[in-house]
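Okay, structure first, notes after.
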Amino acid sequence: MAFKPKLGSNLGSLLEQEKQKQEIEKQNALMKTSKEGQTKLEVKFKSPEEAKERIRIIFDDSGSMSGQKIKDARDGCIEFMRNCVVNETACAIHLMNPQYQSGLVDISNLTTNLPALSILIQKIEAPGGTPLFETTRKAQASKPSATRYVVFSDGCPDNEDDKEQVISKAIEEKTPIDTVLISSYEVTEIDRAYQILKELADRTGGYFLVFDRNKVDFKSAFKYLAPTLRGRLSDGKVRLALIAGELK
């Protein structure tokens, strides 16, 4: 069952939705153009500081993410950016194991040039461990500062040494941390990875989602954390439908 939002009757709201739709279509055209190595459509990208939304994604590239999982993760992040309005959102990707990524330039700097970033994302591989909190702490220290963080992982962090520091800083700076647990089975509340990621989101005002790969396509689901779709997640029923794989 696909979720189809009802348009409001407010003219300003309708015009804003139409503007966002046009900007997203432009973004999709840009990404297609970039992938083909052509320059049919030119846009002057703003500096990250000017972006309304500055999102730093903590990307789990640990060994357990190898195979289809890492492909899904790459595709999901690209789809996420396709649902960002051109020049209103800057994104950065913070890999948990950047030291093992051969031939990949640093993608931890915020940029509004999301088509270019999408090309680089396709080169991410899956080596190393899961230093989730250490990576998030480093992202929080990066400039310009984020307005929101998005963390996804398929398991427990290597350690929780930086957990309280990360949560305290997010609360102090009022920057929510959305978290996604990727699983290949139905997790329960006693699962430690579930507990950690839920706590991280709950205490910072973010959204916590569980994507069971048997039910949910990461590419289709991860985009709902993008700025243009995130508002729908304020409805608990929508979140449950997303987790159940009912939204496309």
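The values are calculated or read from the model by the stated rules, or taken from the named source; none is laboratory data. Predicted, not measured: the structure shown is a model, and the values here were computed from it. Every residue, glycine as well, gets a Cβ built from its backbone with ideal geometry; the counts of neighbours run over all protein chains shown.
Is there a residue in segment 213-226 that is farther than 18 Å from G76 by Cβ, surrounded by fewer than 20 Cβ atoms within 10 Å (Cβ to Cβ) and more than 14 Å from the chain's Cα centre (by Cα)? No - not one qualifying residue is present in segment 213-226. Taken over segment 184-200, residues that are surrounded by fewer than 19 Cβ atoms within 10 Å (Cβ to Cβ) and touching a strand residue (DSSP E or B) at 6+ places or on another chain (Cβ under 9 Å) amount to 8. In segment 94-107, the residues that are closer than 18 Å to I57 by Cβ and in a strand (DSSP E or B) form Cβ pairs under 7 Å with partners that are among the basic types (K, R) and modelled with pLDDT of 95 or more, at six or more places apart or across chains, as follows: H94/R56; H94/K138. Report yes if some residue within segment 65-81 is surrounded by 15 or more Cβ atoms within 10 Å (Cβ to Cβ) and part of a loop (DSSP other than H, G, I, E, B); otherwise report no. Checked segment 65-81: no residue is surrounded by 15 or more Cβ atoms within 10 Å (Cβ to Cβ) and part of a loop (DSSP other than H, G, I, E, B). Every condition in (1) in a loop (DSSP other than H, G, I, E, B); (2) closer than 26 Å to G205 by Cα is met by G129 except one, and the failing one is (2).
In this structure, Q140 does satisfy being in contact (Cβ under 8 Å) with a residue 24 or more places away in the chain and either more than 12 Å from the chain's Cα centre (by Cα) or within 27 Å of K169 (Cα to Cα) (or both). On the basis of being surrounded by fewer than 19 Cβ atoms within 10 Å (Cβ to Cβ), in contact with a helix residue (DSSP H, G or I) (Cβ under 7 Å, 6 or more places away or on another chain), farther than 29 Å from D154 by Cα and modelled with pLDDT under 70, does L41 make the cut? So L41 passes the test. So which residues in segment 151-208 are modelled with pLDDT under 95 and either of a type in the set (S, T, Y) or within 16 Å of the chain's Cα centre (by Cα) (or both)? Scanning segment 151-208 gives S183, S184, Y185, T188.
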